[in-house]
Structures are given as C-alpha cells and as structure tokens.
2 protein chains.
Amino acid sequence: MKEFDLIKRYFSEQVVKRKDVLLGIGDDCAILKSNDAQNIAVTTDTLVAGVHFPHNTSAKAIGHKSIAVSLSDLAAMGAEPAWASLAITMPTADEAWINDFCEGVFELCEYANVQLIGGDTTQGPLSITVTAQGLTIPEKHITRSGAKPGDWLYVSADIGDAGLALMHINGDITLTPESAAKVQRKLDFPKPRILLGQALRGHVSSAIDISDGLFADLQHICTASNVGATVELDKLPLSDEMKNSLGDKAIEVAVNAGDDYELLFTVSQTNKVSMDTSVGQTTNRITCIGQINHSNKITTTLNQEPINITMNGFQHF
Amino acid sequence: MKEFDLIKRYFSEQVVKRKDVLLGIGDDCAILKSNDAQNIAVTTDTLVAGVHFPHNTSAKAIGHKSIAVSLSDLAAMGAEPAWASLAITMPTADEAWINDFCEGVFELCEYANVQLIGGDTTQGPLSITVTAQGLTIPEKHITRSGAKPGDWLYVSADIGDAGLALMHINGDITLTPESAAKVQRKLDFPKPRILLGQALRGHVSSAIDISDGLFADLQHICTASNVGATVELDKLPLSDEMKNSLGDKAIEVAVNAGDDYELLFTVSQTNKVSMDTSVGQTTNRITCIGQINHSNKITTTLNQEPINITMNGFQHF
C-alpha cells in the first residue's frame, strides 16, 4: 500500500474541522491561523512498542494513548488542545490494524476538538510520535516552576491503577477478571485531564502530569521550583483495586508507577477556595496529599509519622 | 544514562534563542507567542535508518538531514522557519553519536534561526521524527494546488545527485573518489531552499519540494491543481557527475530519484519577470523545464520530440 493512499484515506476524512486550520493535511505543510489573543503550547511524545505499551496492546488503545499522552501535557499547562501531527512507523501496513488505531486516535481527537494537521507514515518497528499543540491565554499558562513553600500539593482522581495493570500483565500479581479489566482500561485508555487543567488556570502555582510516577514528577516540580515537599502517604487517593490487591504495598506502587496521566499541582493557601470553586464546576475529583516546603527534598509521612519509602520513577534508558 | 539528563545536556543549551519562544524545553510544553500578522506552517517527517538513509550514514549527516527535510517542506510553502520539535528513538544512548548528531542538528538550526522547543528521547531502533514550524504571511503561503495551464515549470539547482550517491553506495555504479564525495555530500547534507521559497512567495502559483522524485512530486502538483504538464527532458539541470557517470541514463535517474530537496514550482507568464527579479536577489539558480497544460497527465519531450520515460518516484511501503 502506498504511503500517500494510506494518509489520504485515514487522515484526510476526519470529523473535526477547526476554523483556525486554514490548510490541513495534503500539502507540504499545514497552515494555522495565528492570533494576538493566544499563545501556543507545543509538546512532543514518542511511544515505542514494548517500552511505552506492552507488545500485545490493542491497536485502538495504542491510537488512543498516542494522542492522550500529548493532550495530558497540554492539560498540565492549562492549554486548550487544538492541533496534532502524528507520525507512525509500522512494520506492515495492515489495514485492520490501521483502522482500529485510527478509531482510537479520532475518538479522542473528536472528544478534545483536536484536528490532525499533519502526519507521516513510514516502515519500520512500531513507534508513534505525536506533536500536539494547544492554545493558552497569554501569561496564564501553568508551569512546573511556580511552587512556593506553604503551597498545598494536590493530585487528581486515583493513582497507581496503570501500574497495577502492568503488574498483572507481567504476572507479578493475579487480579480477578473484573479488576483486571478495570485497571487495564485505565492503562490502555488514560483520560487526559483537559478540563481540569483549564479549571486550574489562574489559581494554581504549578502543575505537571504524572507520566513518570508521582515521586518522579513531584521531583520535577521541586527541582524546577527550587523547593521541597512532604507527601502524606495515607492521603493518597487509591482505587479499591489497588487497596484490595496490594494491601501494604499499594502505596509504594502508587508513588512509583507511571502512566497514570493524572495532574499533580500546587496551590497557595490564598487561592485554595477559588481553585475549589473552579474545579467544582468540572466533574474532577482532587485530593490534597501534602505541602511544599523550604527543603530541597521530598519527605513522606504515614499517619503523621515520618517514614521512608523507595523512590524510583519510570525512566527510559 | 537518564532520558532527562540527555535532553537537558544537549538540547537545553542551544545557541538560537528566539523572542517568540516564551518557554522553551524543560516543562510539559513549550509556549510560543502567537501573532495576528502571521500564520503558522507545520510539517512532520520521520526518518528511519535503512529506509530514509543508509545504515552507515554519519551521525552528523543524520542530524542535519532530520532537520533539513522538514525545513525543505517549510521552504516549499514560502515559510520562514521558526521552531522545531525533535523525537529520537535510538538503540543505545551513545554519547559520541549524540554529540555528532546534535552538531548536525544545531548547525542547521543556527543557520535557519530555528529554536528547538521540544523533544523526546526513547529507546528502540533508530528513527527520528521532526515537527518543524514556520511563519507565513497571511494569504501568501504557496500550495501545491495553484498551478494553471500555461504556467511555466521550474526547478532549482541540479537534480539526481542524491540518487547517484545512493547508486554508488549500493554498488550499482562506481564513481571517482572526488565525484563520490561530492554527491555523497548532496545526499547527506541537503540544503533546504529556505530563501528561495521566501523569494517565490507572491510570484509563483504552486510549489513542492522534491523529496519523492521529480516526476512523483510533479504528479502531486498536477493532481492537487487538476492539470497536466510537459517536461522537456533536455532542459533538466544535471551536474557534471550525473552527465559524466550516467550518460544516457542520467535523465531517467534524475526524474525518478528522490532526496534532492530542490524546489519544483510553477509561475504564470505574467509573473515570470517579477519572480526572476525576486529570485535574482538570492544566490539560487533556477531552470525552466516545461509547462503546465490542460491534460491530466505528464508527458515528456527530448529535443522537442515526444518520448516515453519510466516514472516511479520513491514511495514508502
């Protein structure tokens, strides 16, 4: 199958047609309308088979996840998703696989009002690189570097389920079929917290998405902001699957496992109420799990007693 | 070596610092200043080892080419290059290789005033995906779809040298060491025709860069513009290396081989003089090689006699 036919057939007939896309797929470049009233947020992520998702992951899940990881980065900046470019390298041009993959891609693009504006299809071992772009309000984007001592540390929804699914897939643990299906869905179809990110805009002092693991990503905030943090481990929001299947080990998995794509963010005492009100207008659940301090390290407590816990986030290489 | 260290060390300390990059590498996203007075051109290309460059290509050449193919797409739209995101997947984090690769990347970025605004480093078989963005003047970007019957067909510089280098590498032909070095340089370090693209803006009716081969890319223009073309094969600009080493076969190689990254474009009789004047202010050499017509196919002549020639551009899969 010809590269050109592939691209034309699957990527040119998408549902989302944004007014700010003056020229979409099909020429040497896409042309986008630029605007004084906005800035542009850009993020790039590569997913490699066997590294970022298990080899037997469904094509639809791979499609979903390829877009989701980049939209999650946009969410962490408080950006509104707008455009994405998708480069696929794959061993063979299997039509059924591409069809399922595209279903995963376009379902999420449609949900997030993202138009695919470019792509490349090449032959080789399976990997996908997405560059996603979003719109931010000038001077209102959220960085990793604004956390201040005294700020409260929050996380969205539950953490650790994606890690639990990987443990099940790797045979480290055996879940009931119902639990396995539930956490597998969290691993395969993570929900980028797009509306939460926008709700946090103007209220929080810093944010990051948890792709590498809670501790690893908290460390990124601390390093960028030149602060430390205390995490109250007993406050971590864990699903019933995590608590029931891992018991005492649940916390260690929750803080170290990556792939949750929840948002981790900090807010000053002053902005706490306005943030709560803003987040209350979305369907997102958030939990305060600790506080930023003047130290240069992350410390942990369990039921208000200091405790040590292994820290190692997910790192490539 | 850690992904984070790699990225920090090589990509955060670049020379180009653009004023429109409000936040560069290091957060979840880069933040770019947007502007009413410009539009944004975006292009994505993946290079896979063994497909888009021979396995023994030098790291510096791979770095250069990764950026060059995308800047060539920007050039074909008449865009001014601005920002690039670079995703590398590589088997091992070899410091010397990365150093040479980055030298190739940053030399070209510096020349073109492109700031690297994002990246991802993952482990796997070698491939590189670049998304490059450029700025265009609203309504002045050049597409593939504006060619009109009667327009003249032009190409920049010489074509076929990259194909000749590949033939030499594959052992299909033996060149003198001097000739081999010269065409190898054209293959490894293609020059995106950035200033030519901008000079053509407002004068030409369509443009494309020759990455798939002259005929394949001319076919893209013809399809997008719903026209046909006649190419005068005796007018094709060929290097001495092409003429001396391939003789009668030179034309066939020149029209089919890809990787030249020259610009192919069309101009109306009315705009010919203004285009010549505009191009004359650059150092680019352009050659008229034919004319657009009402048919729906590409025909060829040699010394004004109709002639048939095999047409097959480079296509992945």
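Values computed for the structure shown
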{"read-out": "Per-copy distances of the B:Pro54 label point, shortest first, in nm (7 angstrom along Cα→Cβ)", "value": "4.3"}
{"read-out": "For B:Ile142, residues with placed amide H under 5 Å, excluding near neighbours", "value": "B:Gly78"}
{"read-out": "Prolate/oblate/rounded call for region B:148-218, Cα gyration tensor, a/c under 1.5 rounded", "value": "prolate"}
{"read-out": "Long-range HN-HN contacts of A:Asp120 with modeled amide H, under 5 Å", "value": "A:Leu86, A:Ala87, A:Ile88"}
{"read-out": "Gyration tensor over alpha-carbon atoms, chain A, equivalent ellipsoid semi-axes in Å", "value": "34, 25, 15"}
{"read-out": "Computed P(r) (all Cα pairs; region A:152-307; 10 Å bins; percent)", "value": "11, 40, 34, 13, 1"}
{"read-out": "Cα Rg, Dmax, region A:3-136, angstrom units", "value": "14.2, 45"}
{"read-out": "For A:Asn308, inter-copy label distances in nm, listed shortest first [label point 7 Å out on the Cα-Cβ vector]", "value": "8.1"}
{"read-out": "Considering only chain A, percent of DSSP beta bridges that pair antiparallel, nearest 5", "value": "75"}
{"read-out": "Inverse of mean 1/r across different Cα pairs in region B:97-202, Kirkwood, Å", "value": "17.6"}
{"read-out": "For the protein assembly as shown, average projected area of the Cα convex hull in nm²", "value": "28.6"}
{"read-out": "Long-range HN-HN contacts of A:Asn293 with modeled amide H, under 5 Å", "value": "A:Gly150, A:Gly228, A:Ala229, A:Thr230"}
{"read-out": "Percent breakdown of C-alpha pair distances by 10 Å bin, ordered from the shortest bin, for region A:59-155", "value": "15, 41, 25, 14, 5, 0"}
{"read-out": "3J(HN,Hα) from dihedral phi, region A:270-275, Karplus parametrisation 6.51/-1.76/1.60, rounded to Hz, x for glycine, proline", "value": "4, 8, 4, 5, 5, 5"}
{"read-out": "Calculated label separations, B:Gly150, copies of the chain, 7 Å along the beta-carbon direction, nm", "value": "7.4"}
{"read-out": "Separation in nanometres of the label points that stand 7 Å from Cα toward Cβ, at B:Lys19 and A:Lys272", "value": "4.3"}
{"read-out": "Euclidean distance of C-alpha centroids, region A:220-258 and region A:65-132, integer Å", "value": "29"}
{"read-out": "Hz values of 3J(HN,Hα) by residue in region A:52-64 - Karplus curve (6.51, -1.76, 1.60), Gly and Pro given as x", "value": "9, 7, x, 4, 8, 5, 5, 4, 5, 5, 4, x, 4"}
{"read-out": "MRE, 222 nm, helices only [DSSP H, n ≥ 4, -39500 (n - 2.57), over chain A, to nearest 500]", "value": "-10500 deg cm²/dmol"}
{"read-out": "Overall dimensions of region A:72-114 as given by Cα atoms, namely Rg and Dmax in Å", "value": "12.8, 37"}
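Here, each number is a calculation from the coordinates, and none is a lab measurement. Note that the coordinates shown come from a computational prediction; the quantities given were computed from them, not determined experimentally. Note that we place each Cβ from the backbone using ideal geometry, even for glycine, and neighbour counts take in every protein chain shown.
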